[in-house]
Amino acid sequence: MKQSVDLHSFHEKLDRNNLGPLWASIHDLNTIEPKARPIPYLWKRELIEKHLEEAEDLLQVGDGADRRAVFLINPGMKDLIPYGWGGATHTLYAAVQAVKPGEIAPAHRHTTTALRFIMKGEGGSGRVNGEKIPFEPGDYLITPTWTWHDHTNQGEETIMWMDCLDVPFTLFMNVCFTEFYPEKQQELLVPDDYSSKRYQGGMVRPISDRSPSIAPLGRYKWELTQKGLDGLSEFEPDPFDGYAIEYINPSTGKDANNRIGARMQKLPPKFFGKAHRHVHSNVYHVFKGSGYTVMNGVKFEWSEGDFFVIPPWVWHEHVNLSETEDALLFSTNDLPIMEAFDFERKEEYRENGGSQIITEVFVPIEE
Ligand SMILES: [Fe+2]
Ligand SMILES: [Fe+2]
């Protein structure tokens, strides 16, 4: 006993001297499995949009607010300063942004890398590194690291989109830089929709693009994504993810955004996905349809416009109960980071025929 008291005071002495005893810490530092900060969670569309509408009345974009966006804070990360590190998961920030007719979200650039998925509203466009890029609902857009970007709405209705950035990862890496453009909008340097036009052939690239320094395509139109899903749908679905495609950089075949992966997946009517888990985390946005996802035995019911997150190493399976309607899920992930550092691994759920037993139903905040 005397020895353990001595050991305890020795540990305290080490701590006072900013040193640590590995023999007492190793099991917390090298865990048997990941102990993720973020928890499985879901935000209802109504909750986010109601608060975003309130922000529409309270602040004007370009006049006091650079961006009008409400971001998701994972309850498991809420105590991290500042603002839960803006984490929907430990690596990914996700938000819904609204731009009213006539507003301009001013130009800036940052080392965080960004992508957008247009949820609703016509007449929106952005400028990215000197190119004007118009967009419509269903389009997927990227703003690679350190590229100037601003957004505007020349239509007649409010435009909303999902933003996803690697904010928590960038904070953790201590590598965040931001710079503001001297004017509200950046100068246009190339013809409008330049990158889409250069890549409209799909599976061919301009000969100058064998090794581009940044991703050469900024906009992925919904009609092309839909075509990709239609082609796949002639065959058997993936047992875990249904019909799922990834947005790629057409010059390299790698992820469109080099630090954040993005997918569109279709769960056909009566699709009961099998459960699996993986190290990479996901932020999901329900683009169309309804259904549910079971995460570690808890049922998360979702419908159009909702968001939910799958943290690392959490068992999950997706279900579409509809007899007639597809469910379309847009999602982002940190797979590019996990693969770059050889962290990725996955496992199939073998018990109970590959389906988890539901022990609880998640009750979302409806305030
Ligand atoms: Fe930005
Ligand atoms: Fe998965």
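Brief remarks follow.
- Ranked list, fewest to most other Cβ atoms within 10 Å of each Cβ, for Y292, Y93, Y284: Y292, Y284, Y93
- Ordering E122, E187 from the fewest to the most neighbouring beta carbons within 10 Å gives E187, E122.
- Computed across the range 51-149, the Kirkwood radius stands at 14.8 Å (inverse of mean 1/r, all Cα pairs).
- Viscosity 1.306 mPa s, temperature 10 °C, Stokes-Einstein D of the range 239-309 from Kirkwood C-alpha radius, µm²/s: 116 µm²/s
- When the alpha-carbon atoms of the range 276-367 are used, the pair Rg, Dmax equals 14.0, 42 angstrom.
- Between the range 324-354 and the range 1-73, the Cα center-to-center distance that results, in Å: 23 Å
- Orientation-averaged projection of the range 61-220 equals 10.3 nm² [convex hull of Cα atoms, one quarter of hull surface area].
- Taking one quarter of the surface of the C-alpha convex hull of the range 191-319 gives a mean projected area of 9.2 nm².
- Over the Cα atoms of the range 32-361, the radius of gyration divided by the Kirkwood radius equals 0.95; this is the Rg/Rh ratio.
- Net lengthening on full extension, F172/S303 (0.36 nm per residue, minus Cα-Cα): 43.9 nm
- Summarised in one figure, the compactness ratio Rg/Rh of the range 1-80, Cα atoms and Kirkwood Rh, is 1.31.
- Spin-label pair D66-S25: with each label point 7 Å from Cα along the Cα-Cβ axis, the two points sit 3.6 nm from one another.
- For the range 196-271, radius of gyration divided by Kirkwood radius, i.e. Rg to Rh on alpha-carbons: 1.02
- Neighbour counts of C-beta atoms inside 10 Å place T293, T178 in the sequence T178, T293, starting with the fewest.
- Most mobile listed residue (R263, R210, R45) in the chain, GNM with C-alpha springs under 10 Å: R210
Only the coordinates and a few stated rules stand behind these numbers; no lab work does. All figures in this text were calculated on a predicted structure; none of them were measured in a lab. Virtual Cβ from ideal backbone geometry, glycine too; neighbours counted across all protein chains shown.
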